[in-house]
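Heads up, the thing below is written out as structure tokens.
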Amino acid sequence: MFNERKSIESFNAYQCIRSYLFDLSMQELIELAKDYGIEVNKVS
């Protein structure tokens with residue numbers, strides 16, 4: 001039962017984060033990536 005509950009909580013957290021990221025603009029995603037040290041090269 002513990003594993004099932006943990007799995008549901010993980011899935012709910014995933015859905016929440018996915019929804020948040022999906023709602024961001026491309027510029028906001030780029031800024032977020034930079035905040036975490038991810039180098040982003042824009043392709044024209």
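Derivation of every value follows stated rules applied to the coordinates shown; laboratory data play no part. Keep in mind that this is a model prediction, so the values were computed, not measured. Please note: Cβ atoms are built from the backbone with ideal geometry, for glycine as well, and neighbour counts cover all protein chains shown.
What does the net charge come to around Leu29 if you take all other residues with beta carbon closer than 11 Å to its beta carbon, with K and R at +1 and D and E at -1?
Surrounding charge for Leu29 is -3.
What full-extension length gain, to one decimal in nm, is calculated for Ile17 and Lys34 as 0.36 nm per residue of separation minus the Cα-Cα distance?
Full extension of this stretch gives 4.3 nm more.
HN-Hα J couplings of the stretch 7-13 from phi, Karplus 6.51/-1.76/1.60, θ = phi - 60°, integer Hz, Gly and Pro as x?
Going residue by residue, I get 5, 5, 5, 5, 5, 5, 5 Hz, with x marking Gly and Pro.
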